[in-house]
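Worksheet: one structure, shown below.
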Amino acid sequence: MRIVVTGMGIVSPIGTSIDQFWKNAVAGTNGIVSIQSFDAAKQRSRIAGEVQGFDPATFLSTKQIEQTDRFTQLALHAAQQALEDAGGLEGYEPRRLAVSLGSGMGGFSTFESSAARRFQNKSVPPFTVPRIMANSAAAWIATKYGLKGINLTTSTACSSGANAIGMALDLLRNGKADAVVTGGAEACVLPLTMFGFEALFALSTGFNNDPAHASRPFAKGRDGFVMGEGAGILVLEREDAALKRGAKIYAQLAGYGCACDATHIVAPDIDGQVAAMQAALDDAGVTSGQVDYINAHATSTPIGDVVETKAIKQMFGERALEIPISATKSMIGHSIGASAAIGSIAAIMTLQTGTIHPTINLIEADLECDLNYTPNTAAQKKVQTALCNAFGFGGNNVSIVFTTL
Amino acid sequence: MDTAELEAKVIEFIASKVENIDTSTITTASKFEELGLDSMDTVQLLFDAEDAFGVTFDGDEVKNLRTVGDIITYISEHPPEGKG
């Protein structure tokens, strides 16, 4: 049984439609700017990949806006695109339509604003809890579209979106659902959240006056990740059912692998990353020799990019030098729980178009980062097997494999 | 602010918060459920009214607020701090 992607939707700093995102990604468009959504003067990192000009009133009622956090609104917009793109899901029994969504922080925008009100001795909004809860976005997608089957949310930090997509694959393979709306959503360009990442020295702080060059995976001078936000949604179905209803098919979701480092709560680990990649390839039934594109996790932290480079070398041996890699985060920053869903969309578009989007800001690579990261300019190559990596705090490593049919 | 003025302001406020409502149907006797508000809509309305009128509804007394007139009475009996 093959599981296929039949619909996609995205909200990102470089596009709020698949076409716009992909056009900008291929062109190497920077989406990192000085923070506009709040006064960031007190932050050490004052830049972010913000989704600008996003107006929930264009697709949600006043009441729906009042009851939803921004991460849910981003998810709902991407879900609307994906469901329109897939079309025809009304042919399925509603109890067989599932949602599997990832978010690292959930409704933290609401958490921060409600906490601020409380500290000012003001009342807390009545929808504080249902806006904050991590499963809010998944629940709202189900409610808006009548998806009455299994409804799951996975929260595994930066790998949340990848775990959610993998769990969706499992649901379909195990016959627990006929179609799954899956992906990730995050909206944590927020003062408290960013103070927290700053305290860990995880964020870029040296490019506040030059945001366009701040997110620079694998490059010399990188000094941390740039906070991002967005949502990526896929619609998954069994191939036979998709063909039967005449759906267009983007790609096969062929495999999913996970491994926990079980060593350190935030430090990355080569062995765990290799184990996840190997597990995903085994699950997909493909060999390492077949992988011809990697959408890297590549957050632009000094340690993370080196560890991922070493893990790819350990996994693929000498072939590691040949496989084109790219870092979507070089353009949009790190959208935490949404990032792997957005990376998956980039991987799927690569399979579709034969174009590999560039890793921007890679003028001079770190000496320890010596693979083919598709620097600065897109490359043309027919790709049949794409691997998407996502590594999160908690030692959580996830890889997913998409293939052409 | 006299009572008539407050009444007009509260009704105007409710009209702005309740979707698809004809302002002329809102009176001081209107119960929240008659305006199409469920219990969660009502707590949201009262929360918004706190910011709009500079009052804080006491958690226990909120349960006794059932009509538009109840809100007006509460606000007039609990003037904003520094203005009473």
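The values are calculated or read from the model by the stated rules, or taken from the named source; none is laboratory data. Source: prediction; values computed, not measured. Glycine also receives a Cβ, built like all others from the backbone with ideal geometry; neighbour counts cover every protein chain displayed. Calculation scope for accessible area: heavy atoms of the full protein, side chains included, ligands and nucleic acids excluded. Shrake-Rupley method; radii C 1.70, N 1.55, O 1.52, S 1.80 Å.
Between A:Thr263 and A:Ser61, the FRET efficiency from the beta-carbon distance, with R0 = 41 Å, is close to 0.30. Candidate membrane-span-like segments in chain A, meaning DSSP H helices with Cα atoms spread over at least 30 Å of their own axis and a Kyte-Doolittle mean of -0.5 or above, do not occur, with no membrane implied either way. Each other residue within a Cβ distance under 15 Å of A:Thr58 adds +1 if Lys or Arg and -1 if Asp or Glu, for a net charge of 0.
Contact residues in region B:45-62 by the 20 Å² criterion (accessible area, 1.4 Å probe, full protein complex versus chain alone): B:Phe47, B:Glu50, B:Asp51.
With only Cα atoms counted, the protein assembly as shown has Rg and Dmax values of 24.6, 83 Å.
Charge tally for A:Phe393 (other residues, Cβ to Cβ under 14 Å; Lys, Arg +1; Asp, Glu -1): -3.
For A:Lys382, the lysines whose Cα comes closer than 25 Å to its Cα, not counting residues fewer than 8 places off in the same chain, are A:Lys23, A:Lys248, A:Lys313, A:Lys329.
Approximating the spin labels as points 7 Å out from Cα along Cα→Cβ, the A:Phe195-to-A:Leu405 distance works out to 5.2 nm.
Take chain A with all the other protein chains still there, run a 1.4 Å probe, and you get 36 Å² of accessible area per residue. Placing a label point 7 Å from the Cα of A:Asn208 along the Cα-to-Cβ line, the residues of region A:47-67 whose backbone N sits under 19 Å from it are A:47-50.
Just to confirm my numbers, what's the Cα centroid distance between region A:87-127 and region A:145-193 in Å? So the two Cα centres are separated by 13 Å.
Express the relative contact order of chain A as a whole percentage, based on alpha carbon pairs under 8 Å and six or more residues apart in sequence. Relative contact order here is 24 percent. Computed over protein heavy atoms with a 1.4 Å probe, the carbon and sulfur contribution to the accessible area of chain A reaches 53%. Kirkwood analysis of region B:3-77, using all unique Cα-Cα pairs, places the hydrodynamic radius at 12.2 Å. Modelled label positions at A:Asp170 and A:Asp19, each set 7 Å beyond Cα in the direction of Cβ, lie 3.8 nm from each other.
For the pair B and A, the buried accessible area comes to roughly 900 Å² in total, with a 1.4 Å probe and the value rounded to the nearest 100.
Note on region B:36-58 and region A:199-255: Cα centroid distance 40 Å, given to the nearest whole angstrom. Which whole-angstrom value gives the distance between the alpha carbon centres of region A:18-44 and region A:324-390? With region A:18-44 and region A:324-390 each reduced to a Cα centre, they are spaced 17 Å. When the other protein chains are added to the chain by itself, burial of at least 20 square angstrom of heavy-atom accessible area (probe 1.4 Å, ligands and nucleic acids ignored) affects these residues of region A:123-142: A:Ser123, A:Pro125, A:Pro126, A:Phe127. Using just its DSSP H runs of length 4 or more, each adding -39500 (n - 2.57), chain A gives a mean residue ellipticity at 222 nm of -10000 deg cm²/dmol after division by all residues. Modelled this way, with points 7 Å down the Cα-to-C-beta line, the labels at A:Asn376 and B:Asp58 are 7.0 nm from one another.
Our summary of shape: the Cα atoms of region A:3-244 have principal axis extents of 54, 47, 31 Å, ordered from largest down, in whole angstrom.
With an 8 Å cut-off on Cα pairs and a minimum separation of 6 or more residues, tell me the relative contact order of region A:263-320 in percent. Each step should come with its number before you reach the end.
Working: 33 pairs, mean separation 25.8, N = 58.
About 45 percent, as a whole number.
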